[in-house]
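Input: a single structure, listed below in structure tokens.
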Amino acid sequence: MILPRRLTMVLDRVPLTVVQRVADLVFQQAIKQHPQLFDRLGTHAGKRYRFTPADLDLSFVIEPQRKRIKVYRKKATPTVDAAAAGPMVTLLALLEGRLDGDAVFFSRSLTLTGDMEAMLALRNALDDCGFDLPTDLAPAAGPFAPVFRQLAQRVREHALAGIA
């Protein structure tokens, strides 16, 4: 499932500084909820990983060792060690372990490039940590956490219904 065109048009016009700020908040909350996330990467922790949603003009570069995420427009994305590209919903579903990565790759919904050993190490680390984005991110909403979690779960269910 790709994001609706109206939504992508809006998201692609959001200033990069705003997207970066949101990405930083989400990333730091994920690290807080899963502090051992990158421990399993071993020597691959020093590598840079890029995730590019095919349906957005954005690219996210993660540096596990520095516990940092950086957002770029696609044309300005730097060289990285390993990269994955596919629809945003697919990338998020893979993050949560809700899709079979091999099946998505072989169906050509996901493109992997670069250091495959590093990407496999990251996949294994993600599989072990048990991401649940609505639950993991809800605490950042403070007193609105229960409402945020419930809304995010509904959005996820709707999005996953489109790729199942």
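For the structure I just gave you, tell me whether F131 is touching a residue at least 60 places away in the same chain (Cβ under 8 Å), out of contact with any His (no Cβ under 6 Å at 6 or more places or on another chain), closer than 19 Å to D24 by Cα and not β-branched (V, I, T).
Yes: the conditions hold for F131.
Looking at (1) out of contact with any Ser or Thr (no Cβ under 7 Å at 6 or more places or on another chain); (2) among the β-branched types (V, I, T); (3) surrounded by 15 or more Cβ atoms within 10 Å (Cβ to Cβ), can you tell me which one V104 breaks?
For V104, the exception is condition (1).
Residue-wise test of (1) hydroxyl-bearing (S, T, Y); (2) within 16 Å of the chain's Cα centre (by Cα); (3) on the phi < 0 side of the Ramachandran plot.
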{"position": "L7", "(1), (2), (3)": "no, no, yes"}
{"position": "R13", "(1), (2), (3)": "no, no, yes"}
{"position": "F27", "(1), (2), (3)": "no, yes, yes"}
{"position": "P35", "(1), (2), (3)": "no, no, yes"}
{"position": "T52", "(1), (2), (3)": "yes, yes, yes"}
{"position": "L56", "(1), (2), (3)": "no, yes, yes"}
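Which condition number does S59 fail, the rest of (1) touching a Leu at 6+ places or on another chain (Cβ under 9 Å); (2) open to solvent by less than 30 Å² (accessible area, probe 1.4 Å) being met?
(1)
Test L41 against the criterion of being open to solvent by less than 30 Å² (accessible area, probe 1.4 Å), within 19 Å of C129 (Cα to Cα) and part of a helix (DSSP H, G or I), and give yes or no.
Criteria met by L41.
Looking at (1) at pLDDT 95 or above; (2) under 17 Å from Q65 (Cβ atoms); (3) in contact with a Leu (Cβ under 8 Å, 6 or more places away or on another chain), find the lone condition where G46 falls short.
(3)
Restricting attention to the stretch 107-122, and to residues there that are out of contact with any helix residue (DSSP H, G or I) (no Cβ under 9 Å at 6 or more places or on another chain) and farther than 22 Å from E63 by Cβ, which single residue is surrounded by the fewest Cβ atoms within 10 Å (Cβ to Cβ)?
Within the stretch 107-122, the match that is surrounded by the fewest Cβ atoms within 10 Å (Cβ to Cβ) is R108.
Give A93, A145, A125 a once-over and let me know the one that is farther than 30 Å from P15 by Cβ, in a helix (DSSP H, G or I) and open to solvent by less than 30 Å² (accessible area, probe 1.4 Å).
That would be A125, the only listed residue that is farther than 30 Å from P15 by Cβ, in a helix (DSSP H, G or I) and open to solvent by less than 30 Å² (accessible area, probe 1.4 Å).
Can you tell me which residues in the stretch 76-90 are part of a helix (DSSP H, G or I) and under 20 Å from R5 (Cα atoms)? Walk me through it before giving the result.
Filtering the stretch 76-90 for residues part of a helix (DSSP H, G or I) gives 76, 88-90.
M88, V89, T90 - these are the residues of the stretch 76-90 that are part of a helix (DSSP H, G or I) and under 20 Å from R5 (Cα atoms).
Has the stretch 63-74 got at least one residue that is open to solvent by 70 Å² or more (accessible area, probe 1.4 Å), part of a helix (DSSP H, G or I) and touching a residue at least 12 places away in the same chain (Cβ under 8 Å)?
Looking through the stretch 63-74, at least one residue is open to solvent by 70 Å² or more (accessible area, probe 1.4 Å), part of a helix (DSSP H, G or I) and touching a residue at least 12 places away in the same chain (Cβ under 8 Å).
Quick grid of which residues meet (1) over 18 Å from A93 (Cβ atoms); (2) in a helix (DSSP H, G or I); (3) at pLDDT 95 or above:
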| residue | (1), (2), (3) |
| --- | --- |
| R13 | yes, no, no |
| T17 | yes, yes, yes |
| Q36 | yes, no, no |
| F51 | no, no, yes |
| D55 | no, no, no |
| V61 | yes, no, yes |
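The values are calculated or read from the model by the stated rules, or taken from the named source; none is laboratory data. Keep in mind that what you see is a predicted model, and the values were worked out from it rather than measured. Don't worry about glycine lacking a Cβ; one is built from the backbone with ideal geometry, like all the others, and counts go over all protein chains shown. Just so you know, the surface numbers come from the protein's heavy atoms only, side chains and all, with ligands and any DNA or RNA stripped out. Shrake-Rupley method; radii C 1.70, N 1.55, O 1.52, S 1.80 Å.
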